[in-house]
1. Filter region 34-48 down to the residues that are open to solvent by 40 Å² or more (accessible area, probe 1.4 Å) and in a helix (DSSP H, G or I) and list them by number.
2. Enumerate the pairs (first residue in region 69-83 and at pLDDT 90 or above; second residue anywhere and surrounded by fewer than 13 Cβ atoms within 10 Å (Cβ to Cβ)) with beta-carbon separation below 8 Å, excluding pairs fewer than 6 apart on the same chain, so at least 6 apart or on different chains.
3. Any residue at all in region 12-33 that's of a type in the set (Gly, Ala, Ser), in a helix (DSSP H, G or I) and exposed (fewer than 14 other Cβ atoms within 10 Å of the Cβ)?
4. Among the candidates SER62, SER66, SER58, which residue alone is of a type in the set (Gly, Ala, Ser) and either part of a loop (DSSP other than H, G, I, E, B) or touching a Gly at 6+ places or on another chain (Cβ under 7 Å) (or both)?
5. On the phi < 0 side of the Ramachandran plot and not in a helix (DSSP H, G or I), is that true of LYS71?
6. For region 49-68, how many residues meet the condition of being in contact (Cβ under 8 Å) with a residue 40 or more places away in the chain and open to solvent by 90 Å² or more (accessible area, probe 1.4 Å)?
Amino acid sequence: MDVSHEKQQLNQLKNYVFVTVAILFLMVFIGISLLFLYFPMIGILDVAYTAPKIAIFSFLISVAFSFLTIKNLFGKLLLIINIVVMLFMLLYGA
């Protein structure tokens, strides 16, 4: 009984860590995306500069951690938010 409860707690802790890391990288991506919107001289696809590289890298990390918690409601929500923000930046912020 204690072993199954401990496994359940560890699984919840793992999901919490994955969601937290995904939110952290989502916030980095959103912050850099807002910077692109205020300074329209560069876009998300200008990979010659450092800021778009960081934005794309943080987007990919956030999507990866969202996929790891796809069974969780927060993981699905983060994945949808990531995709919507990236599509917005591709269409509007480019």
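The values are calculated or read from the model by the stated rules, or taken from the named source; none is laboratory data. Just so we're clear, the structure is a prediction, and the values are computed from it rather than from any experiment. Note: ideal-geometry Cβ built from the backbone for every residue, glycine included; neighbour counts use all protein chains shown. Just the protein is used for accessible areas: all its heavy atoms, side chains included, with ligands, DNA and RNA removed. Shrake-Rupley method; radii C 1.70, N 1.55, O 1.52, S 1.80 Å.
1. Those that are open to solvent by 40 Å² or more (accessible area, probe 1.4 Å) and in a helix (DSSP H, G or I): LEU34, LEU35, LEU37, TYR38.
2. Filtered contacts from region 69-83: LYS76/ILE70; LEU79/ILE70.
3. Residues of region 12-33 of a type in the set (Gly, Ala, Ser): 22, 31, 33.
From what's left, in a helix (DSSP H, G or I): 22, 31, 33.
Next, only the ones that are exposed (fewer than 14 other Cβ atoms within 10 Å of the Cβ) stay: 31.
Looking through region 12-33, at least one residue is of a type in the set (Gly, Ala, Ser), in a helix (DSSP H, G or I) and exposed (fewer than 14 other Cβ atoms within 10 Å of the Cβ).
4. Values: SER62 fails: either part of a loop (DSSP other than H, G, I, E, B) or touching a Gly at 6+ places or on another chain (Cβ under 7 Å) (or both); SER58 fails: either part of a loop (DSSP other than H, G, I, E, B) or touching a Gly at 6+ places or on another chain (Cβ under 7 Å) (or both).
Every option except SER66 fails the conditions.
5. Numbers: on the phi < 0 side of the Ramachandran plot: yes; not in a helix (DSSP H, G or I): yes.
In short, yes.
6. 1
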